[in-house]
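See structure below.
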Amino acid sequence: MLAWPAAALDFPARHNHWRKGCAGILTLDADGAAFRQIGAKKEPHAWRWTWADIQRLEIGDDRRVRVRTYRDSRLRLGADIEYEFLLDGRPDLVPVYELLRTATDARFVARLAAPGAKLEWELPAKRVRGAGGVLGVLRVYEDRVVFAADKPGESCTWRDSDIALISSSGPLHFSLTAAGAGEIFEFQLRRSLQPEQYERLWLRLEAQRGLKLLHEEKESAK
């Protein structure tokens, strides 16, 4: 299994907002996220969000990071306040995934392809969305499912705990429902999914859910 040190990771980034944005340093660590503005003439932006403050943290291989908080926006009629950042350069975000995947729950959303240690199977696929879609490769590892898209910002990595449901209506179809927001990902498979491949993944996910339910029952009985 891949392992990364549990340390803070800093990225030069630009905070996108209606006043043309500002440059600073975005920090991601096991406790949450932070941003500090640099080069400001007046009072600089400086924020720190722990996981208790974060409703959703999304990181994409299009270099975009979004932090959605629980705070309401007065200007947007009570909508949740969200901060968007664009990372400088072409940073490697796989270490960020490996750092955060054990630090939190379904609030962490990885819009990138983070390979696992052991590949079990892979199939060329098209993610279907509306009138179009995006091509890529669907990969199943021992502890995660990955869609590596040909287009930046369209890839996804789901830990087993991020998956609420999988289904298949035939050998050329695969559907995944994410935990949390319940987003549904539909795939047209460009090569047939074998029944034993689907069954192994289904049994693995069901076994994990069974262990989770057993743990919850034990906790409630205390």
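The values are calculated or read from the model by the stated rules, or taken from the named source; none is laboratory data. As the structure is a computational prediction, the values presented were derived from the model and not from experiment. Here the Cβ positions follow ideal geometry from the backbone for every residue, glycine too, while neighbour counts run over all protein chains shown.
Under 30 Å from Pro91 (Cα atoms), among the acidic types (Asp, Glu) and at pLDDT 95 or above - does that describe any residue in the range 118-128?
Checking the range 118-128: at least one residue is under 30 Å from Pro91 (Cα atoms), among the acidic types (Asp, Glu) and at pLDDT 95 or above.
For the range 160-169, name all the residues that are surrounded by fewer than 20 Cβ atoms within 10 Å (Cβ to Cβ) and touching a strand residue (DSSP E or B) at 6+ places or on another chain (Cβ under 7 Å).
Correct list: Asp160, Ala164, Leu165, Ile166, Ser167, Ser168.
Only one residue in Glu142, Glu196, Glu186, Glu154 is of a type outside the set (Gly, Ala, Ser), modelled with pLDDT of 95 or more and in contact with a Ser or Thr (Cβ under 9 Å, 6 or more places away or on another chain), so which one is that?
Just one listed residue meets the conditions, Glu186.
Within the range 79-92, is even one residue assigned to a loop (DSSP other than H, G, I, E, B) and free of Cβ contacts under 8 Å to residues at least 24 places away in the same chain?
So far as the range 79-92 goes, yes, one or more of its residues are assigned to a loop (DSSP other than H, G, I, E, B) and free of Cβ contacts under 8 Å to residues at least 24 places away in the same chain.
Could you check, for the range 96-104, whether at least one of its residues is assigned to a loop (DSSP other than H, G, I, E, B) and hydroxyl-bearing (Ser, Thr, Tyr)?
Yes, the range 96-104 contains a residue that is assigned to a loop (DSSP other than H, G, I, E, B) and hydroxyl-bearing (Ser, Thr, Tyr).
Taking the condition of being more than 13 Å from the chain's Cα centre (by Cα) and among the hydrophobic types (A, V, I, L, M, F, W, C), how many residues in the range 105-139 meet it?
Number of matching residues: 11.
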